[in-house]
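Computed from the coordinates by the stated procedures, all read-outs in this text should not be read as laboratory data. Because the structure is predicted, anything quoted here is derived from the model rather than measured. Here Cβ is always computed from backbone atoms with ideal geometry, including for glycine, and neighbour counts include all displayed protein chains.
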Amino acid sequence: MDDRSGLPEGEWSLRQILEHLIVVERYYTLDARHALARFHAGEPHGELPDDELQVERPGASLDQLVRDLDQVREEALTALVDVTDAELRAPSRWERIDIDVRFLLLRFAHHEREHTDQIHKWRASRGTHQTEAERLLGLCWKQSATLEGHLIGAPDDALDRDPGDGKWPIRRILKHISGSETYFKRMIFNAVA
């Protein structure tokens, strides 16, 4: 995770990329929360409160860094899921440019895309291309994230709401997906055993 050999000058190791993503996602959440608090107080954005955001984990495993990134995202969701359309216009600053909270939320995804490209370059420089099984599992993970993204902000009472036209309610869909994944895992394990 720390090897940069074969990379162009200035390119980051995998560890540096993941540590950076963790720091920046924490920063965007901190900034958005600060902007919202000042907005509700009727005050300008001002300076962000002091917070030690730097993350360096030289001994952390890839699994630990991914868990840390997941935790930072969960904290962002918890803090920002109820932001209203009016609150999206709360003023903020980014790189000495006046922006709003909406821009910060859009930066979450754009920033990750930038560094996903870095990870692709890092893998290519190592000659560690994904196996077909890893690539297929990655596609499954992406689809799972898409599903979760569609569920953000859905109220609990929506789980059993009848959508009509014979369509399944959300709870039944989620139960079906879970059951299918259990079935397919068992089939795969039996096939390779």
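Values for this structure:
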read-out: Least to most buried among 103, 39 (fewest other Cβ within 10 Å first); value: 103, 39
read-out: Region 119-173 shape via C-alpha gyration tensor axes, a/c threshold 1.5; value: prolate
read-out: Inter-label distance for residue 192 and residue 20, nm, one decimal - labels placed 7 Å from Cα along Cα-to-Cβ; value: 3.3 nm
read-out: Helix-only CD estimate at 222 nm, as mean residue ellipticity for the chain, using -39500 (n - 2.57) per DSSP H run (n ≥ 4); value: -21000 deg cm²/dmol
read-out: Two-site FRET efficiency, residue 148 against residue 95, from Cβ-Cβ distance with R₀ of 22 Å, rounded to 0.05; value: 0.15
read-out: Two-site label geometry, residue 167 and residue 61: point separation in nm, points 7 Å out along Cα→Cβ; value: 4.2 nm
read-out: Estimated inter-spin distance, residue 182 and residue 38, nm [label 7 Å along Cα→Cβ]; value: 5.0 nm
read-out: Volume per residue that the Cα convex hull of the chain spans, once the total is divided by residue count, Å³; value: 173 Å³
read-out: Loop GluC sites (Glu not before Pro), region 1-86 (other Cβ atoms within 10 Å of the site Cβ: 12 or fewer; DSSP); value: 9, 47, 52, 56
